[in-house]
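Inspection log for the structure reproduced underneath, given as structure tokens.
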Amino acid sequence: MSSSPSRPQIAKGLEGIYVMETRLSYIDGINSRLYYLGYRIEDLAVFSSYEEVAFLLYFYRLPKKEEFELFKGFLYESRAIPGDVIELIRKMVSRKAHPMDILRTAVSYLATFDPELGVGDREANIRKAIRLLARVPTIVATIYRLSRGLDPIEPREDLRHAENFLYMMHGKIPTEFETKVMDTIFILHAEHGMNASSFASIVTASTLSDIYSAVVSGIATLKGPLHGGAAEAAYYQFKEIGDPENVEPWVKEALKTKRRIMGMGHRVYKSYDPRAKIMKELDAEIASKYGGEPEKLYKIAVKLEEIALREFAAMGRTDIQPNIDFYTPIAYTALKIVPELFTAVFAASRTVGWTAKVIEYTTDNRLIRPLDYYVGELDKKYIPINER
Ligand SMILES: CC(C)(COP(=O)(O)OP(=O)(O)OC[C@H]1O[C@@H](n2cnc3c(N)ncnc32)[C@H](O)[C@@H]1OP(=O)(O)O)[C@@H](O)C(=O)NCCC(=O)NCCS
């Protein structure tokens, strides 16, 4: 080990390490704030739309009327996916693959149909990003329809992003309220600093690989329950609890057995995730409007939040608070989005964040290539196999 450097500081989980400058989003994890391009998430959730947020993330400013119409036109007319991609989805559905595995593979296949795949300048990347933004929701809806034995529904060019997604899922035009809920979910998941999947995307893009490959890396990384998979896990957790009455013993048992409460805690937010607050308020409205399953889940979630916060505080952990994944399962249930699809819907939303980050990063690209610190032996004697 004589040639090894002295032991460096190892940033496990890259915690606290900055890898780029960004203008896209800012998370103030102490004061519960999230901004896209300087705009507060609370304002964007109420006054904006996913389409406008997408424009903002690609062009770093809010659109003027005419250019916004052009942007939406290109987005809306790019929604259809090739028949071959539908056939691939059909095959994977018949193998009972998880929607995230199907989505990852379908986006990878979709790349081969893009005539600009190998063109890497900013304008081409924005065009490809918009096509991805348009098509990922179509793939998600197709996965859902085929897995239910239903025919896929072709996208319509005259519907808004969230409206068209729900239309492709369920075959009827959603109400204004349903569209608003879906649009809010899309906006809240659009972009979120240097999260694991965005990092995976820029690592891929930093090798000058293409933007589809970067999105495939993002999808693959989002899949895990410590990241995008948390909402699905939170849903099953609420189902397991079953009733607000059961929350208290359930929490005590979970903490005793060192089980994580899904949808709580965050690497950056050490206060209430502002997106969770927006979702919770929307869920309250959903619960009173819909009753039934969404209301039941909402009551369990509220009680779980109350008891878990109390127990965490007693352990001196006031920093473990609900994150967005805690409160999305209620809204998804109201929109008839099944739990195995939650992460795929998240991926459809985050496609804008991944692609915008890749475009921003590669504008001033540097290959991402960190170091690992070798702790094994050196200069070992090689012994031929029949002498071992
Ligand atoms: C998101 C998460 C991975 C952050 O992890 P982290 O940065 O390592 O968390 P911290 O350093 O703040 O705290 C780690 C400790 O806090 C505790 N902790 C953190 N989140 C917890 C949770 N949701 N439930 C119970 N205990 C939790 C654990 O004791 C953990 O210690 P351990 O590693 O010995 O088990 C973590 O909070 C978690 O697993 N949450 C549940 C999954 C989830 O909701 N993910 C979505 C994030 S948007």
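What to note about this one:
- Residue in the stretch 201-215 that is open to solvent by less than 40 Å² (accessible area, probe 1.4 Å), more than 13 Å from the ligand (Cβ to nearest atom), of a type in the set (D, E, K, R) and farther than 23 Å from Ile27 by Cα present: yes
- Here Thr179 passes the criteria (1) polar (S, T, N, Q); (2) touching a Pro at 6+ places or on another chain (Cβ under 7 Å); (3) without any contact (Cβ under 8 Å) to a residue 40 or more places away in the chain except the one numbered (2).
- Residue pairs meeting the criteria (Cβ under 9 Å; at least 6 apart or on separate chains; first more than 13 Å from Thr328 (Cβ to Cβ) and not assigned by TED's automatic domain parsing to the domain that holds Ala106, in the stretch 213-236; second open to solvent by 40 Å² or more (accessible area, probe 1.4 Å) and among the acidic types (Asp, Glu)): none
- Restricting the stretch 14-44 to residues that are farther than 18 Å from Ala196 by Cα and polar (S, T, N, Q), the residue that is farthest from the ligand (Cβ to nearest atom) is Asn31.
- Inter-residue pairs, beta-carbon under 7 Å, first free of Cβ contacts under 8 Å to residues at least 60 places away in the same chain and in the stretch 321-339, second of a type in the set (S, T, N, Q), 6+ apart: Gln321/Ser271
- For Lys258, the test of being open to solvent by 30 Å² or more (accessible area, probe 1.4 Å), assigned to a loop (DSSP other than H, G, I, E, B) and not assigned by TED's automatic domain parsing to the domain that holds Val119 is passed.
- Checked against the criterion of being free of Cβ contacts under 8 Å to residues at least 60 places away in the same chain, within 16 Å of the ligand (Cβ to nearest atom) and either outside the structural domain of Tyr35 (by TED's automatic domain parsing) or of a type outside the set (Phe, Trp, Tyr) (or both), the candidates Ala276, Ala284 yield just one match: Ala276.
- Filter result for the condition that a residue is outside the structural domain of Glu191 (by TED's automatic domain parsing) and either closer than 28 Å to Pro370 by Cα or surrounded by 12 or more Cβ atoms within 10 Å (Cβ to Cβ) (or both), over Met20, Met100: Met20
- Top-ranked residue in the stretch 161-184 [being β-branched (Val, Ile, Thr) and outside any helix (DSSP H, G or I); ranked as nearest to Leu150 (Cα to Cα)]: Ile173
- Selection from the stretch 188-209 of residues that are assigned to a loop (DSSP other than H, G, I, E, B) and either in contact with a helix residue (DSSP H, G or I) (Cβ under 6 Å, 6 or more places away or on another chain) or farther than 21 Å from Leu34 by Cβ (or both): His189, Ala190, Glu191, Thr207, Leu208, Ser209
- Those residues of the stretch 347-366 which are open to solvent by 10 Å² or more (accessible area, probe 1.4 Å) and either in a helix (DSSP H, G or I) or touching a strand residue (DSSP E or B) at 6+ places or on another chain (Cβ under 9 Å) (or both), in sequence order: Glu360, Tyr361, Thr362, Thr363
- Inside the stretch 222-247, residues that are more than 13 Å from the ligand (Cβ to nearest atom) and either open to solvent by 30 Å² or more (accessible area, probe 1.4 Å) or at positive phi (or both) make up a count of 7.
The values are calculated or read from the model by the stated rules, or taken from the named source; none is laboratory data. Keep in mind that this is a model prediction, so the values were computed, not measured. Don't worry about glycine lacking a Cβ; one is built from the backbone with ideal geometry, like all the others, and counts go over all protein chains shown. Calculation scope for accessible area: heavy atoms of the full protein, side chains included, ligands and nucleic acids excluded. Shrake-Rupley method; radii C 1.70, N 1.55, O 1.52, S 1.80 Å.
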